[in-house]
Amino acid sequence: MIHLGKFEGVLLASDFDDTLVGSDCEVSRGNREALEYFVREGGRFTVSTGRAHRTFAPYVDAAPINAPVILSNGALLYDFRAGRTVVDLPLPVCAAEDLGELCSAIPALGVETYHGDDVYIYRPNAHTQRHVERVKTTWTEMGLAEMPSPWSKAVIQADHDVLRRAQALMLERWPQRYEVIFSNAVLLECTAKTATKGGMVLKLAELLGIRREHIYCVGDNQNDIPMLAVSAIPFAPANCAPEVKQWGARILGACEESCVAQSVDILDHKSMRNTDLSSLFPSSFHTETVSVDQMTFRTYPCITPDIMQQPKAVCLICIHIVAFGCYIFTGKGYKTGMSDPISGILLPCPSQSGFCCIAIQLQGDRPFSHSKTHPKIKGFQI
């Protein structure tokens, strides 16, 4: 029998800077272990970043990436395993002339362009210097008209208020030529029209044979909104830009709190929604269908018989998903010819090993409540 993992047919795409990694560019242990689990269970994971090939390549092995990577803010889809370009959407040849016109109108702008693995800068300023230091790349100062082309993207850099003027001017003059969107407050990304993270995520999903309703994305800034818009659940770290929060992303913990791992945890529990619980128990376990209060349920072995204080007790379970990946259940606890209503809550394990905490209240002649921590709970191990 072929085992299909629970994340088979699921694509998870994460932004890199300030989402998957922080300022140290290190993938946390929590993120790495969660992604290893996601991939082991059949999921396809990739990074969708504004970084170009040259500036992302040193980090390609930092996480278990098993799909082509989205680079240059959606202008390039590159398969690092095969060492080949899958999709390339460069800027039009008129970009040098158009950006020259823009810089004449707003002299404070600096422009950083990418041609293959070469980086060129026109009018370097404090922002361009900080950016190349962050991405750890060398560069050449050159006039726009002299730079080799085509460019995968151009990054316009200045103070935020100045960039807002530049964005408005570009969208007014050349609305059909360019995508112009912020990747942070002082970086304005310019790519060819339709070259966005969202557009490339959809292309990748199509190539992988993954349905749109099984696409999930995590990102922190405005340039991530196009891919959040195609995500079944649009995830964002708590440190995301105000525009992302206002847009309506589902907010996770901060980047430093392994937010990508939190998204995997949510998907993990989401996969339980339509699971036939009988498949989660060994075949030797007895189950039966019973009616209680004019409702039909299926009984399953009690997850922790010690809680019921009866070694042969069973729990009648009706599971409902609630916020943050938790589940509540209600039903009857059966023991020696009598039944008592029970209710409880299952909380997700931070270690990704399954549900690790149960709180159960048993009502009846001898009511009691009980909480117990379990590294793994039989039947609900995910």
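The values are calculated or read from the model by the stated rules, or taken from the named source; none is laboratory data. Small disclaimer: the values here were computed from a predicted structure and weren't measured. We place every Cβ from the backbone using ideal geometry, glycine too, and count neighbours over all the protein chains shown.
Structure notes:
- When Lys6 is tested against (1) within 18 Å of the chain's Cα centre (by Cα); (2) assigned by TED's automatic domain parsing to the domain that holds Leu207; (3) at negative phi, exactly one condition is not met: (2).
- Some residue of the range 110-125 being touching a Pro at 6+ places or on another chain (Cβ under 6 Å) and not small (Gly, Ala, Ser): yes
- Filtered residues of the range 65-107 (kept if surrounded by fewer than 19 Cβ atoms within 10 Å (Cβ to Cβ), more than 25 Å from Leu163 (Cα to Cα) and small (Gly, Ala, Ser)): Ala82, Gly83
- The combined condition, being without any contact (Cβ under 8 Å) to a residue 24 or more places away in the chain and either surrounded by 15 or more Cβ atoms within 10 Å (Cβ to Cβ) or within 17 Å of Asp15 (Cβ to Cβ) (or both), is fulfilled by Lys193.
- Residues of the range 142-162 that turn out to be free of Cβ contacts under 8 Å to residues at least 60 places away in the same chain and assigned to a loop (DSSP other than H, G, I, E, B), as a count: 7
- Criterion (free of Cβ contacts under 8 Å to residues at least 24 places away in the same chain and among the aromatic types (Phe, Trp, Tyr)) met by exactly one of Trp247, Trp174: Trp247
- Answer residue from the range 108-129, given it is part of a helix (DSSP H, G or I) and free of Cβ contacts under 8 Å to residues at least 24 places away in the same chain and is surrounded by the most Cβ atoms within 10 Å (Cβ to Cβ) among those: Gln129
- Residue match in the range 26-46 (condition: surrounded by fewer than 18 Cβ atoms within 10 Å (Cβ to Cβ), in the same structural domain as Val135 (by TED's automatic domain parsing) and either over 21 Å from Thr191 (Cβ atoms) or touching a His at 6+ places or on another chain (Cβ under 6 Å) (or both)): no
- Within the range 206-224, the set of residues being part of a helix (DSSP H, G or I) and touching a residue at least 24 places away in the same chain (Cβ under 8 Å) comprises Leu207, Leu208, His214, Gln222, Asn223, Asp224.
- One residue alone among Leu99, Leu109, Leu77, Leu89 is modelled with pLDDT of 95 or more and closer than 14 Å to Phe56 by Cβ, and that residue is Leu77.
- Taken over the range 63-80, the criterion of being of a type outside the set (A, V, I, L, M) and without any contact (Cβ under 8 Å) to a residue 40 or more places away in the chain is satisfied by Pro64, Asn66, Tyr78, Asp79, Phe80.
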